[in-house]
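See structure below.
The values are calculated or read from the model by the stated rules, or taken from the named source; none is laboratory data. Note that the structure is predicted; figures quoted are calculated from it, not measured. Note that each Cβ is placed from the backbone with ideal geometry, even for glycine, and that neighbours are counted across all protein chains shown.
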Amino acid sequence: MKNLIKTVFVASLCVVAALSMAQQGAPKQGAGARGGAPAFSQQQMDKMMAQYREAHKKAIASVGLSADQKKKVDAADAKHMNKLMNMQKELAKGMSNPNARNDPNFQKSVKSMGDEAKAYQTDLKSAMGEAKFKAYEEAMKKEMQKVMGANATKGKG
């Protein structure tokens, strides 16, 4: 459960990427796995990050934090969220390269983002305490399932 937020975030990225690739159709011969096009647009990534932040706010509100805990959570958000968003934008640029998986710099960026996400979780857990953090994880899981379900049904006619 420690890595639930990271897992949900990565899973939601995969869902957006899969939906985007499904809409692109098969690549032309010699065009590579993604035809050289990014797996998802910056607009899609921005929308997904906004959905994540909204789910985070709802999950935080459902836990019933004290004023002091809210301050600490806000501090953790301020410390990590902008950094994670900037890292994610850089990763999105790298994903336009079909050979990104083999690029050591890209792999390092992915690892750095994972490390930052773990640090964020650690700070949230410290701010909330063990019991409320577990409640937050459950609430976040439910909120992200709602978001992912809503996103999946939007693509169906």
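Name every residue in the stretch 63-79 that is over 23 Å from residue 141 (Cβ atoms) and hydrophobic (A, V, I, L, M, F, W, C), in order of residue number.
Scanning the stretch 63-79 gives 67, 75, 78.
Quick one: would you say residue 22 is surrounded by fewer than 16 Cβ atoms within 10 Å (Cβ to Cβ), in a helix (DSSP H, G or I) and modelled with pLDDT of 70 or more?
no
Give just the number: which of (1) part of a helix (DSSP H, G or I); (2) surrounded by 15 or more Cβ atoms within 10 Å (Cβ to Cβ) does residue 86 not satisfy?
(2)
Out of the stretch 58-70, which residues are among the charged types (D, E, K, R) and surrounded by 12 or more Cβ atoms within 10 Å (Cβ to Cβ)?
58, 70, listed by residue number.
Per-residue answers, yes or no, for (1) touching a strand residue (DSSP E or B) at 6+ places or on another chain (Cβ under 7 Å); (2) of a type outside the set (D, E, K, R); (3) at pLDDT below 90:
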{"site": "61", "(1), (2), (3)": "no, yes, no"}
{"site": "67", "(1), (2), (3)": "no, yes, no"}
{"site": "71", "(1), (2), (3)": "no, no, no"}
{"site": "75", "(1), (2), (3)": "no, yes, no"}
{"site": "81", "(1), (2), (3)": "no, yes, yes"}
{"site": "84", "(1), (2), (3)": "no, yes, yes"}
{"site": "87", "(1), (2), (3)": "no, yes, yes"}
{"site": "92", "(1), (2), (3)": "no, yes, yes"}
{"site": "98", "(1), (2), (3)": "no, yes, yes"}
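Taking into account only those residues within the stretch 25-52 that are loosely packed, with under 13 Cβ neighbours inside 10 Å and under 28 Å from residue 82 (Cβ atoms), which is modelled with the lowest pLDDT?
42
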